[in-house]
Amino acid sequence: MNDIFKRIEELGIVPVVKINKPQDAVPLGKALLLGDLPVAEITFRTSAAEYAIKALTEELPELLVGAGTVLTIEQVQKAISAGAQFIVAPGFNTKVVDYCLENNIPITPGVNSPTQIEIALEKGLKIVKFFPAEASGGLALLKAMSGPFSEINFIPTGGIEQNNLLSYLAHPQVIACGGSWMVKSDLISSQNFERITELTREAVSTMLGFQLAHLGINEENQEKALSSANLLSRHFYFNIKEGNSSIFAGTGFEVMKERYLGEHGHIAIATNSINRAIAYLKRKGISILPDTAKESEGKLKAVYLDMDISGFAVHLIQR
């Protein structure tokens with residue numbers, strides 16, 4: 001997968017932005033960065049698009065900037081010259097697609113039929129935009145279309161909102177979703193960038209879905225671990241489940257049979273996407289401890305972070 005698309009997959013959400021006034025571009029970009037979502041697709045629906053892309057890429061280099069609603073080769077050229085790192089088209093214009101492929105420009109053309117997916121595959125594309133997602137039949141159509149085409153991935157856009165975001169992201173062939181609910185035109189034109197930051201943070205929070213999974217308690221040996229687990233069980237009616245290295249009391253407490261990471265134990269945090277959570281925390285300056293990673297069927301399921309909270313280590317768990 002192209003490095004740009006890997007970054008988009010890690011981010012999970014692509015804000016689709018319509019800029020009317022050039023001077024709003026940089027404040028909008030800063031609002032997205034404060035909202036923990038360093039990406040923007042600037043649509044060529046207005047004459048301000050080219051300027052906005054140039055301003056964002058020059059002044060906010062940490063922001064991944066692409067061009068959307070690209071209809072012509074001329075628009076591709078303008079977008080790339082302005083600094084755009086990827087191109088998004090609403091439909092499948094073969095001339096635009098061919099130009100981008102010939103010039104090694106990442107592009108996601110729009111599709112909403114099996115025939116268009118086959119054309120994309122013939123051209124060597126592995127990622128396409130499912131557009132307009134909801135109007136075309138939503139997740140039901142996407143599931144039906146993706147079945148015969150396991151080698152292609154999608155970025156659904158159009159009608160994606162806070163309330164259906166997770167449903168789309170849960171599909172194994174969806175790498176990200178495009179949406180404008182956190183960057184609506186009226187919020188930008190009224191310069192309500194604080195609200196954009198709030199909505200963006202809400203979207204990221206929904207996507208990651210961080211939640212306490214359990215509290216780990218370090219004990220020195222199996223005997224003490226069993227004693228602590230039994231104490232929790234006896235007084236609070238938690239069922240005991242013993243494993244190789246620990247004993248669970250209910251689902252909320254894991255008592256370790258020997259001391260592990262953390263002075264007192266660990267805090268386990270569940271997430272909807274452990275890979276996106278790792279990428280998000282990396283942007284916050286928090287890295288993982290690779291030696292602690294646990295996989296199942298080739299997929300990462302749990303890993304400790306290089307951080308400590310009040311004597312407790314922290315690890316992520318794939319929900």
At what distance in nm do the modelled label points of TYR260 and ILE309 sit from each other, each positioned 7 Å from its Cα along Cα→Cβ?
1.7 nm
Evaluate E = 1/(1 + (r/R0)^6) for GLU62 and LEU289, where r is the Cβ-Cβ distance and R0 equals 35 Å; express this FRET efficiency to the nearest 0.05.
0.85
Rank-order 31-39, 8-16, 91-99, 287-295 by packing density, defined as the average count of other C-beta atoms within 10 Å over each peptide's residues, highest first.
8-16, 31-39, 91-99, 287-295
Can you tell which of GLY147, GLY83, GLY158 shows the greatest fluctuation in a Gaussian network model of the chain with Cα springs below 10 Å?
GLY147
So, by mean Cβ neighbours within 10 angstrom, what's the order for 301-307, 24-30, 40-46 with the highest one leading?
40-46, 24-30, 301-307
A correct Kirkwood calculation over the Cα atoms of the chain returns a hydrodynamic radius in Å of 21.5 Å
Gaussian network model of the chain, Cα within-10 Å springs - most flexible of SER205, SER189, SER245
SER245
Surface/4 of the Cα convex hull for region 211-318, nm²
7.1 nm²
Among SER233, SER47, SER146, residue whose mean-square fluctuation peaks in a GNM of the chain (springs only between Cα atoms under 10 Å)
SER233
Determine the gain in length on full extension of the stretch THR94-THR72; use 0.36 nm per residue of separation and subtract their C-alpha separation, reporting nm with one decimal.
6.9 nm
Before anything else, pin down the relative contact order of region 3-208: Cα pairs under 8 Å, at least 6 apart, normalised by residue count, whole percent.
23 percent
Taking the alpha-carbon centroid of each part, what is the distance from region 88-154 to region 277-302 in angstrom?
30 Å
Taking 0.36 nm per intervening residue step and subtracting the Cα-Cα distance, what contour gain separates SER47 from THR115 on full extension?
21.2 nm
Residue-span extension gain [ASN244 to LEU226] - 0.36 nm each, minus C-alpha spacing:
5.2 nm
Using only the alpha-carbon atoms, how far is helix 73-82 inclined from the longest principal axis of the chain? Give it as 0 to 90 degrees, nearest 10.
60 degrees
Which listed pairs, of LYS18/LYS78; LYS54/LYS282; LYS126/LYS184; LYS6/LYS129; LYS129/LYS282; LYS6/LYS143, have C-alpha distances above 24 Å, in listed order:
LYS54/LYS282; LYS126/LYS184; LYS129/LYS282
If R0 is 25 Å, what FRET efficiency do you get for ASN2 and ASN275 from their C-beta distance, rounded to 0.05?
0.90
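Quick note: the coordinates plus some simple rules give every number you see, no bench work behind them. As the structure is a prediction and not an experimental result, all values here were calculated from the model. Please note: Cβ atoms are built from the backbone with ideal geometry, for glycine as well, and neighbour counts cover all protein chains shown.
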